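Written below as structure tokens is the structure these notes are about.
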Amino acid sequence: SGYISASGAVDTAVIIRTMLVLGGEKPRVMIGAGGAVTILSDAEDEYNEMFLKAERLLQAVAAVHPVSVDDGRSIRQIPAPSTRPPRESTAPTLLETMLFRSDEAAEPYLWPLHVARLTRSCEALGIAAPASEEL
């Protein structure tokens, strides 16, 4: 979603996780997951990452109803999530996803860009950014 103005300004966003609950005689849930494919993307990695991004949404549904996913290649049964104690804090938190490639250095792929994005997000949300040794 986004816009391109007459002056050439562009502002876009990619929605990578969605859940739509449809009622009616036969209630169902539609879950969408995706990402941003770039010139550096590997098709199989992006395909697998899509399921990783959808996993928590699928587990939320599986907590109350059996779930199977037909991705055109196979049918996956989604297990209900394991129970865990509630979080002690309700303070905002951030989650940054990163790609680790076994054939490359121990540092995540595009590490400096991840650190910069995490720092900007912390500043925007008023959260203390972690010290560099904590990353």
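The values are calculated or read from the model by the stated rules, or taken from the named source; none is laboratory data. In this text, all values refer to a predicted model and were calculated from it rather than measured experimentally. Using ideal geometry, Cβ is built from the backbone for each residue, glycine included, and neighbour counts are taken over all protein chains shown. The accessibility values were calculated without ligands, DNA or RNA, using every heavy atom of the protein model including side chains. Shrake-Rupley method; radii C 1.70, N 1.55, O 1.52, S 1.80 Å.
Counting only Cβ charges, +1 for Lys and Arg and -1 for Asp and Glu, the dipole size of the chain around its Cα centre is about 660 debye.
Ordering Val37, Phe100, Gly72 by the projection of their Cα atoms onto the charge dipole of segment 1-100, which places +1 on the Cβ of Lys and Arg and -1 on the Cβ of Asp and Glu, puts Gly72 at the extreme positive end. With loop membership from DSSP and a limit of 14 other Cβ atoms within 10 Å, the longest segment of the chain without GluC sites (Glu not before Pro) is 26-87.
Only protein heavy atoms count here; under a 1.4 Å probe, Arg73 has an accessible surface of about 150 Å².
Farthest toward the positive end of the dipole of the chain, out of Ser7, Leu57, His114, is the Cα of Leu57, where the dipole comes from beta carbon charges about the Cα centre.
Potential lengthening of the chain between Asp71 and Ser5 amounts to 20.1 nm, from the contour at 0.36 nm per residue minus the alpha-carbon distance.
May I ask for the angle, rounded to the nearest 10°, between helix 111-125 and the longest principal axis of the chain, with both axes built from Cα atoms and the value confined to 0 to 90°? Its long axis makes an angle of about 80 degrees.
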